[in-house]
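*Asks:* One structure coming up, written as structure tokens, with questions to follow.
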Amino acid sequence: MAYTEACLAGLQRVLDRGTACVLEQSRHGLFIRDTVSGGYLLAVEETEVGIRWLQAHGQAAYSLLEICGNRALADYAQARYGLRTMLCCRQAVYRHAAPPATAVRLHTRRAGPGDLPMILRWYDMLSEEELRAVLGRGNLLVGETAGHAVGFVGEHLEGSMGMLFALPAFRGQGFGAALESAMIRHTLRQGYRPFCQVETENEASMSLQKKLGLERSEEELCWLF
């Protein structure tokens, strides 16, 4: 495969943490299922090879599928398996040994069950069941200043940083960057390389990643669900 390291960071995370069920692996690419998220991750440059691999394991219900750097294959999979949503993004990877410094000092802690009502009030991109799973893995952080919650950040079940949210009263003050820096620290302490996925058109978020020192993949990744 000729994909960049940044493009493959998601597959590498699943492999590194030992939650990958390898379905196909050859010089053409890699196709795995993550036993935590239930998602399928596929990186293969040759579209026809990718189609064969998808068909070989098509008895499984593809409800969450990531395809790296091959839009033609993503279009095929969406049509073939009736996946309604295609979310295209770039992957951004943090390669440094220490988390980035930010202008704002922020106390962060692992979220507990008592924080869920607040998080569910503001964040609707994941179901309550998924958020409880993230919380159960210890990968949901709440940021506080002067005893008040200012926002939260977490790690999606397949390993990418996300769920970054600053409460409206605390926006524009640097808390978003401080929250992500805390999540980077949390990930580094676990022994993993931090990475996130940013929608292709979200220039504000990509600007934040660049400011914090993350490197963007040239290839596009497509999530289908």
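The values are calculated or read from the model by the stated rules, or taken from the named source; none is laboratory data. If you're wondering where the values come from, they're calculated on a predicted model, not measured in any experiment. Glycine gets a Cβ as well: all are built from the backbone with ideal geometry, and neighbour counts include every protein chain shown. To get the accessible areas, we keep the full protein, side chains included, count just its heavy atoms, and leave off ligands, DNA and RNA. Shrake-Rupley method; radii C 1.70, N 1.55, O 1.52, S 1.80 Å.
*Asks:* Of everything in the stretch 24-54, what is at pLDDT below 95 and assigned to a helix (DSSP H, G or I)? Give them in sequence order.
*Replies:* none
*Asks:* Would you check which residues across the stretch 202-216 are open to solvent by 20 Å² or more (accessible area, probe 1.4 Å) and in a loop (DSSP other than H, G, I, E, B) and list them?
*Replies:* N202, G213
*Asks:* Pick out the one residue from A98, A77, A103, A133 that is small (G, A, S) and more than 24 Å from A9 (Cα to Cα).
*Replies:* A103 is the lone residue from the list that is small (G, A, S) and more than 24 Å from A9 (Cα to Cα).
*Asks:* So R185 fits all but one of (1) in contact (Cβ under 8 Å) with a residue 60 or more places away in the chain; (2) in contact with a strand residue (DSSP E or B) (Cβ under 8 Å, 6 or more places away or on another chain); (3) of a type in the set (D, E, K, R); (4) open to solvent by 50 Å² or more (accessible area, probe 1.4 Å); what number is the exception?
*Replies:* (2)
*Asks:* Additional query: Any residue that is part of a strand (DSSP E or B), surrounded by 12 or more Cβ atoms within 10 Å (Cβ to Cβ) and at pLDDT 95 or above - is there at least one of those in the stretch 69-86?
*Replies:* yes
*Asks:* Can you tell me how many residues in the stretch 156-166 are touching a Phe, Trp or Tyr at 6+ places or on another chain (Cβ under 9 Å) and either touching a residue at least 60 places away in the same chain (Cβ under 8 Å) or open to solvent by less than 40 Å² (accessible area, probe 1.4 Å) (or both)?
*Replies:* Qualifying residue count, the stretch 156-166: 6.
*Asks:* Of the residues E199, E219, which is exposed (fewer than 14 other Cβ atoms within 10 Å of the Cβ) and within 16 Å of the chain's Cα centre (by Cα)?
*Replies:* E199
*Asks:* When the residues of the stretch 4-23 are narrowed to those that are in contact with an Asp or Glu (Cβ under 7 Å, 6 or more places away or on another chain) and either assigned to a helix (DSSP H, G or I) or touching a residue at least 24 places away in the same chain (Cβ under 8 Å) (or both), which ends up surrounded by the most Cβ atoms within 10 Å (Cβ to Cβ)?
*Replies:* If we take residues in the stretch 4-23 being in contact with an Asp or Glu (Cβ under 7 Å, 6 or more places away or on another chain) and either assigned to a helix (DSSP H, G or I) or touching a residue at least 24 places away in the same chain (Cβ under 8 Å) (or both), then G10 is surrounded by the most Cβ atoms within 10 Å (Cβ to Cβ).
*Asks:* Also: So is R105 farther than 15 Å from G29 by Cβ and either within 17 Å of the chain's Cα centre (by Cα) or basic (K, R) (or both) or not?
*Replies:* yes
*Asks:* Give the residues of the stretch 98-146 that are open to solvent by 80 Å² or more (accessible area, probe 1.4 Å) and assigned to a strand (DSSP E or B), sorted by residue number.
*Replies:* Selection gives H107, R110.
*Asks:* Now for a different question. I'd like the full set of residues that are under 22 Å from the mean Cα position of the chain (by Cα) and acidic (D, E), limited to the stretch 47-67.
*Replies:* Selection gives E66 alone.
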